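A.B. asks: Sharing a structure with you now.
The values are calculated or read from the model by the stated rules, or taken from the named source; none is laboratory data. These numbers come from a predicted model, not from an experiment. Cβ coordinates were reconstructed from backbone atoms using ideal geometry, including for glycine residues, and neighbour counts include every protein chain displayed.
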Amino acid sequence: MEHQVKITSIDLMDKYEGTVSFLINRNEYKAFFYGEEYKQGELTTVEFDHLEYPLEWDAIFKENKDNELRIEKEENSDWSFCCYGKIISINPVIADFGDISLELGNWTHDPKVIGEFIYWKIERLDIRKLK
């Protein structure tokens, strides 16, 4: 899924990888990147991927009790997040978490989950420029 972001800062780990902070809908997030160049202040179109934290089915469908659409940064990590969202499609599963929509894989093919609110945990948010 495409997203328009504004790059606010870049922290290089080496020549080819690092973290980038970005604004989307007035909220700032940080994501990992590899093999790309970003410039502070740049407006760019990106897509996101992630390494997920394994969760049980019950946790996914019961931990978003307030039917929220939001992303919350984990306390001790730059790019780990707790996400509260809504499934918008399957095959693959795509969820809307408010500021960011993510493809979550093919862990269900049941159309009854479309519209269900979920909890998702991201170990590492990855960002990639769309050219």
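A.B. asks: Does the range 80-89 contain at least one residue that is at pLDDT 95 or above, buried (at least 18 other Cβ atoms within 10 Å of the Cβ), assigned to a strand (DSSP E or B) and charged (D, E, K, R)?
C.D. replies: Taking every residue of the range 80-89 in turn, at least one turns out to be at pLDDT 95 or above, buried (at least 18 other Cβ atoms within 10 Å of the Cβ), assigned to a strand (DSSP E or B) and charged (D, E, K, R).
A.B. asks: Still on this structure: Restricted to the range 105-131, and to residues that are in contact with a Phe, Trp or Tyr (Cβ under 7 Å, 6 or more places away or on another chain), assigned to a strand (DSSP E or B) and of a type outside the set (Lys, Arg), which residue is nearest to Glu36 (Cα to Cα)?
C.D. replies: The extreme case among them is Ile127.
A.B. asks: Could you tell me whether any residue of the range 56-69 is surrounded by 14 or more Cβ atoms within 10 Å (Cβ to Cβ) and without any contact (Cβ under 8 Å) to a residue 24 or more places away in the chain? Spell out the reasoning first.
C.D. replies: Let us first name the residues in the range 56-69 that are surrounded by 14 or more Cβ atoms within 10 Å (Cβ to Cβ), namely 59-61, 63-64, 68-69.
After this cut, where a residue has to be without any contact (Cβ under 8 Å) to a residue 24 or more places away in the chain as well, the list is none.
No: the range 56-69 contains no residue that is surrounded by 14 or more Cβ atoms within 10 Å (Cβ to Cβ) and without any contact (Cβ under 8 Å) to a residue 24 or more places away in the chain.
A.B. asks: Name the pairs whose Cβ atoms lie under 6 Å apart, with the first residue in the range 1-17 and closer than 11 Å to Phe33 by Cα, the second surrounded by 13 or more Cβ atoms within 10 Å (Cβ to Cβ) and of a type in the set (Val, Ile, Thr), and 6 or more positions between them or separate chains?
C.D. replies: Final answer for the pair search is Ile10/Val20; Asp11/Thr19.
A.B. asks: Still on this structure, please answer the following. Kindly indicate the residue of the range 8-36 that is among the charged types (D, E, K, R) and surrounded by 11 or more Cβ atoms within 10 Å (Cβ to Cβ) and also nearest to the chain's Cα centre (by Cα) among those meeting that condition. So that I can check it myself, show each step before the final result.
C.D. replies: Our first condition is that a residue be among the charged types (D, E, K, R); within the range 8-36, this holds for 11, 14-15, 17, 26, 28, 30, 36.
Next cut, surrounded by 11 or more Cβ atoms within 10 Å (Cβ to Cβ) only: 17, 28, 30, 36.
Values: Glu17: 18, Glu28: 12, Lys30: 10, Glu36: 18 Å.
Filtering first and then ranking leaves Lys30.
A.B. asks: Mind listing whichever residues of the range 76-131 are within 14 Å of the chain's Cα centre (by Cα) and among the aromatic types (Phe, Trp, Tyr)?
C.D. replies: Passing the criteria: Trp79, Phe81, Tyr84, Phe97, Tyr119, Trp120.
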